[in-house]
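What follows is one structure encoded as structure tokens, with my remarks underneath.
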Amino acid sequence: MATRHQARMAVVSLLYAYDLGNQTIADFSDEILEEKKIRNKQRDFALDLFKGVTEHLSEIDEAIVKHLKDWDFDRLGSIERATLRLGGYEIMFGELDSAVIINEAIEVAKAFGSEQSPKFINGVLDAISKDK
């Protein structure tokens with residue numbers, strides 16, 4: 001059975017595809033999650049996260065942009081943007097403690113991002129959590 005961490009990794013993949021212009025990725029999300037063996041409760045969790053991020057995208061992006069220091073939102077890598085969007089959504093609209101969400105986002109950044117990604121993700125999400 002998949003873990004919530006694996007579900008989040010899958011959501012970042014979906015958001016990455018979405019960000020690259022594949023707006024219909026939601027139509028294939030069930031198949032993609034099944035392929036990654038994200039099933040049952042974790043599948044529902046992943047779909048809720050993906051749907052929540054896409055529904056609140058402008059609010060999340062606004063919070064991210066507010067905390068980018070000397071950095072242009074459009075210059076962010078797609079993986080970093082997807083990770084920030086997921087973490088931002090969970091901080092802004094979720095029930096979990098911000099520290100848990102930030103730690104999860106850092107782990108995703110370590111897996112998918114560049115060497116500098118975890119520190120960057122940590123700083124932006126920490127600033128968003130302080131606004132909450």
Search result, residues across the range 1-49 that are under 19 Å from ILE60 (Cβ atoms), at pLDDT below 95 and charged (D, E, K, R): ASP19
Among the residues of the range 93-111, what is the count of those that are closer than 13 Å to VAL124 by Cα and out of contact with any helix residue (DSSP H, G or I) (no Cβ under 6 Å at 6 or more places or on another chain)? 2
Among residues of the range 92-132, those that are within 21 Å of GLY52 (Cα to Cα) and not in a helix (DSSP H, G or I), counted: 5
With respect to the numbered conditions (1) crowded, with 21+ Cβ neighbours inside 10 Å; (2) over 20 Å from ALA7 (Cβ atoms); (3) of a type in the set (A, V, I, L, M, F, W, C); (4) out of contact with any Gly (no Cβ under 8 Å at 6 or more places or on another chain), which one is the sole condition not fulfilled by ILE128? (4)
Filter the range 98-125 for residues that are more than 19 Å from ALA10 (Cβ to Cβ) and surrounded by fewer than 16 Cβ atoms within 10 Å (Cβ to Cβ) and give the result. ALA99, SER114, GLU115, GLN116, LYS119, GLY123
Among the numbered criteria (1) among the charged types (D, E, K, R); (2) surrounded by 15 or more Cβ atoms within 10 Å (Cβ to Cβ); (3) farther than 17 Å from PRO118 by Cβ, which one does ASP70 miss? (2)
Filter the range 102-129 for residues that are of a type in the set (Val, Ile, Thr) and modelled with pLDDT under 95 and give the result. none
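Here is a yes/no grid of residues against (1) of a type outside the set (Asp, Glu); (2) buried (at least 22 other Cβ atoms within 10 Å of the Cβ); (3) within 14 Å of the chain's Cα centre (by Cα):
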residue	(1), (2), (3)
ALA2	yes, no, no
ALA10	yes, yes, yes
ASP27	no, no, no
LEU33	yes, yes, no
LYS41	yes, no, no
PHE45	yes, no, yes
VAL53	yes, yes, yes
GLU95	no, no, no
When the residues of the range 51-92 are narrowed to those that are in contact with a Gly (Cβ under 6 Å, 6 or more places away or on another chain) and within 23 Å of ASP30 (Cα to Cα), which ends up modelled with the lowest pLDDT? ILE79
List the pairs whose first member sits in the range 40-60 and is in contact (Cβ under 8 Å) with a residue 12 or more places away in the chain and among the basic types (Lys, Arg), whose second member is in a helix (DSSP H, G or I) and surrounded by 18 or more Cβ atoms within 10 Å (Cβ to Cβ), and whose Cβ atoms are under 7 Å apart, counting only residues at least 6 apart or on separate chains? ARG43/LEU33
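The values are calculated or read from the model by the stated rules, or taken from the named source; none is laboratory data. All figures in this text were calculated on a predicted structure; none of them were measured in a lab. Heads up, the Cβs are rebuilt from the backbone with ideal geometry, glycines too, and the neighbour counts pull from every protein chain shown.
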